[in-house]
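Undergrad: Mind having a look at this structure? Questions to follow.
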Amino acid sequence: MAILKIARMGHPVLNRTAELVSDPAAPEIRRLVADMVETMVDANGAGLAAPQVHVPLRLVIFQAPEARSDPGLSQAERFDRTAPLTVLINPVLEIVGDETEGGWEGCLSVPGLRGFVERPAHVRYRGFDQNGKAVARAARGFHARVVQHEVDHLDGVLYPRRMSDLTKLIFDSEARHFVAEAEEQEE
């Protein structure tokens, strides 16, 4: 396994539509998945898309740990808001309903920045894992957000393009000021 170089915003590989994977269970795809997992863990990311490591294929990995979900959820609600490490090859994403949810996003390809992005609150996705086995799930909350964010990479879209208010694009190092200002306005 190897830690791969992550493409940054502005690199052409991040602006193009990725190509379908012809054989999800091919040995080179399994190697790529293993390297992507090692890279994502090393970079402390929640997800990673193949174009982010300079490979223009429709392959993403992600996780939605329970620690990132709302602690007040029932066990049944928690299921679709969390996900173990997931490999999704040739994903198809379906938006369920009109409800949207806003949240802060970061990206390994846009280091040092965070942006507030509104996204559909409920999605379904399907595709294949690295063994060629079908994967299909519904997702809400952070799980839905991370899946949409990663699949966007496959279509050449970085999260700043999804933002409706660029005043909410901030440096990580300045987030404490943004939060303090927001709390003052609530009082």
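The values are calculated or read from the model by the stated rules, or taken from the named source; none is laboratory data. Note that this is a predicted model, so its numbers are computed, not measured. So basically every Cβ, Gly included, is an ideal-geometry build from the backbone, and we count neighbours across all protein chains shown. Areas reflect the complete protein model, heavy atoms only, side chains present, ligands, DNA and RNA absent. Shrake-Rupley method; radii C 1.70, N 1.55, O 1.52, S 1.80 Å.
Undergrad: Taking only DSSP H segments of four or more residues, each worth -39500 (n - 2.57), what value at 222 nm results for the chain once the sum is divided by all its residues, to the nearest 500 deg cm²/dmol? All intermediate terms of the calculation are to be shown ahead of the outcome.
TA: Values: 4 runs with 47 residues, N = 187.
Here the helix-only value at 222 nm equals -8000 deg cm²/dmol.
Undergrad: Tell me the relative contact order for the stretch 107-152 as a rounded percent, counting alpha carbon contacts under 8 Å between residues six or more apart.
TA: Once normalised by length, the contact order is 32 percent.
Undergrad: To the nearest 10 degrees, how steep is helix 141-154 against the longest Cα principal axis of the chain, on a 0 to 90 scale?
TA: 50 degrees
Undergrad: Return the carbon/sulfur percentage of the accessible area of the chain, one whole number, probe 1.4 Å, all protein chains in place.
TA: Carbon and sulfur atoms account for 52 percent of the accessible area of the chain.
Undergrad: Largest first, what is the accessible-area ranking of Ser173, Ser109 with a 1.4 Å probe?
TA: Details: Ser173 70, Ser109 0 Å².
The residues order as Ser173, Ser109, largest area first.
Undergrad: With bins 5 Å wide starting at 0, give me the P(r) of the stretch 1-68 over every alpha carbon pair, in whole percents.
TA: Distribution as computed: 4, 17, 27, 24, 18, 8, 2, 0 percent.
Undergrad: Percent relative contact order of the stretch 1-51, based on C-alpha pairs within less than 8 angstrom and at least six residues apart?
TA: On the way: 28 pairs, mean separation 26.3, N = 51.
Relative contact order of the stretch 1-51: 52 percent.
Undergrad: Let me make sure I get this right: for the stretch 123-166, a, b and c are the square roots of the gyration tensor eigenvalues over alpha carbons, sorted descending. Under 1.5 in a/c it's rounded, otherwise prolate if a/b > b/c, else oblate. Which is it?
TA: Note, shape of the stretch 123-166 comes out oblate.
Undergrad: If you add up the charges near Met1, with Lys and Arg at +1 and Asp and Glu at -1, over every other residue whose beta carbon is less than 15 angstrom from its beta carbon, what do you get?
TA: Spelling it out: positives minus negatives among the neighbours equals -1.
Undergrad: Quick one: which residues, 5 or more positions from Ile3 or on another chain, have an amide H under 5 Å from its amide H? H modelled 1.01 Å from N in the peptide plane, none for Pro or chain starts.
TA: It is none; the list stays empty.
Undergrad: Hey, what's the Cα Rg ratio for the chain versus the globular rule of thumb, 2.2 N^0.38 Å?
TA: Normalised by 2.2 N^0.38 Å, the Cα Rg of the chain equals 1.03.
Undergrad: Compute the long axis of helix 175-186 from its Cα atoms, compare it with the longest principal axis of the Cα atoms of the chain, and write down the angle in degrees, 0 to 90, nearest 10.
TA: 40 degrees
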